[in-house]
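K.L.:
Have a look at the structure that comes next, please.
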Amino acid sequence: MRNLTILPITADLVKDRLRARLFGKQIFTFERLASTNDFAKRLAKGGRNVGTIVIAEEQTRGRGRQSRPWHSPPGTGLWLTLILSPTIKRSDLGLIPLLSGVSVAQTLEQFGFQPSLKWPNDVLINGKKVCGILGESEFRYNELDVLIVGIGINVNQTATDLPNDIRDTATSLRQASGNPVDRLSLLISLIENFERNHSIFSNDRREALLEEWRKRCPFFGQNITVRNDQIYISGIFEAVDINGQLRLRTNDGNVEIVNAGEPLMNGPEKC
Ligand code: BTN
């Protein structure tokens with residue numbers, strides 16, 4: 001990246017400005033880390049360190065969904081993971097990506113962007129992916145033991161900073177606006193939005209949260225294809241239900257409920 005001073009984000013800088021109470025009470029920052037999700041997972045075992053945030057300037061083995069690599073170059077993006085309490089109901093797990101997506105979208109809106117949400121957990125600007133979310137959980141003796149959510153936002157990459165294979169489908173905030181964005185301010189806003197939405201979720205006001213998600217998703221009523229395990233299902237995107245599951249009306253008129261699908265890009269604006 002050129003002509004932009006890159007100040008590393010440190011725990012002290014974040015704590016000086018953060019007004020959240022749960023998220024960020026413990027913050028780990030790294031110059032370089034394999035993956036913030038991997039580090040956070042180890043911290044989170046046994047339900048420990050709830051509210052901790054792990055942030056890296058660079059990830060050398062950043063991971064995306066479906067075991068894809070997540071390009072995380074130094075100083076240009078926000079690569080972070082939050083540790084959540086594993087006391088939530090199993091049926092609520094599908095809401096965590098939506099909660100995270102809403103939090104990112106509200107943050108980007110505060111910075112003047114108009115993001116949209118793509119089920120279950122992508123944030124787009126002008127139809128291109130600007131943020132990916134990777135929620136991960138681990139069970140022990142059939143009980144939820146670890147719950148984390150990793151968030152990667154492309155902030156100050158130029159078009160040529162993005163790897164060739166994603167240049168057509170991905171963007172950064174800098175590309176979308178033409179201006180660099182202060183990563184620290186963005187991070188503070190994201191954590192505060194996340195904390196507020198998490199509290200809405202914890203107080204069982206999920207319908208309010210879902211409404212925030214739905215109003216930012218332009219894909220309702222469109223024909224989409226999702227991958228559920230190894231099976232591809234196509235149909236009209238009818239709804240996202242109270243557990244965050246996708247409701248798809250297939251060609252034969254049946255309704256398929258998809259809870260862990262991988263939406264395919266049929267074009268930049270399709271789920
Ligand atoms: C996706 O495939 O869309 C999800 C991408 C998630 C990337 C973030 S960056 C911070 C955290 N650490 C990781 O290794 N992955 C997530």
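The values are calculated or read from the model by the stated rules, or taken from the named source; none is laboratory data. Computed from a predicted model, the values in this text were never measured in an experiment. Methodologically, a virtual Cβ is constructed for each residue, glycine included, from the backbone with ideal geometry; neighbour enumeration extends over all protein chains shown.
K.L.:
(1) under 16 Å from P115 (Cβ atoms); (2) touching an Asp or Glu at 6+ places or on another chain (Cβ under 8 Å): which one isn't true of E212, the others all being true?
P.N.:
Of (1) under 16 Å from P115 (Cβ atoms); (2) touching an Asp or Glu at 6+ places or on another chain (Cβ under 8 Å), only one is false for E212: (2).
K.L.:
Name the single residue that is surrounded by the most Cβ atoms within 10 Å (Cβ to Cβ) among those in the stretch 224-247 being modelled with pLDDT of 95 or more and over 27 Å from L108 (Cβ atoms).
P.N.:
Among those residues, the one meeting the criterion is G235.
K.L.:
Report, by residue number, each residue of the stretch 117-158 that is within 13 Å of the ligand (Cβ to nearest atom) and of a type in the set (K, R).
P.N.:
Within the stretch 117-158, K118, K128, K129 meet the criteria.
K.L.:
Would you confirm, using the coordinates I've provided, whether D145 is outside any strand (DSSP E or B) and surrounded by fewer than 21 Cβ atoms within 10 Å (Cβ to Cβ)?
P.N.:
no
K.L.:
Within the stretch 36-67, how many residues turn out to be loosely packed, with under 15 Cβ neighbours inside 10 Å and more than 8 Å from the ligand (Cβ to nearest atom)?
P.N.:
6
K.L.:
Only one of S185, S189, S199, S172 is under 19 Å from the mean Cα position of the chain (by Cα), more than 20 Å from W79 (Cβ to Cβ) and either surrounded by fewer than 16 Cβ atoms within 10 Å (Cβ to Cβ) or touching a residue at least 12 places away in the same chain (Cβ under 8 Å) (or both); which?
P.N.:
Answer to the selection: S199.
K.L.:
Being crowded, with 18+ Cβ neighbours inside 10 Å, among the polar types (S, T, N, Q) and more than 16 Å from the ligand (Cβ to nearest atom) narrows it down to one residue among Q114, Q106; which is it?
P.N.:
Details: Q114 fails: crowded, with 18+ Cβ neighbours inside 10 Å.
After ruling out the rest, the residue left standing is Q106.
K.L.:
Let me ask another. Return a yes/no flag: does the stretch 227-241 have any residue that is part of a loop (DSSP other than H, G, I, E, B), in contact with an Asp or Glu (Cβ under 8 Å, 6 or more places away or on another chain) and at negative phi.
P.N.:
Within the stretch 227-241, none of the residues are part of a loop (DSSP other than H, G, I, E, B), in contact with an Asp or Glu (Cβ under 8 Å, 6 or more places away or on another chain) and at negative phi.
K.L.:
Could you say which residue among S137, S177 is small (G, A, S), touching a residue at least 40 places away in the same chain (Cβ under 8 Å) and over 18 Å from G94 (Cβ atoms)?
P.N.:
Working: S137 fails: over 18 Å from G94 (Cβ atoms).
Exactly one of S137, S177 is small (G, A, S), touching a residue at least 40 places away in the same chain (Cβ under 8 Å) and over 18 Å from G94 (Cβ atoms), namely S177.
K.L.:
May I pose another question? So if I check each of R214, R227, R205, which one is charged (D, E, K, R) and closer than 24 Å to Q66 by Cα?
P.N.:
Details: R214 fails: closer than 24 Å to Q66 by Cα; R205 fails: closer than 24 Å to Q66 by Cα.
Step by step, each of R214, R227, R205 is checked, and only R227 is charged (D, E, K, R) and closer than 24 Å to Q66 by Cα.
K.L.:
Can I ask one more? Being under 19 Å from A170 (Cα atoms), over 15 Å from the mean Cα position of the chain (by Cα) and crowded, with 23+ Cβ neighbours inside 10 Å, is that true of even one residue in the stretch 73-83?
P.N.:
yes
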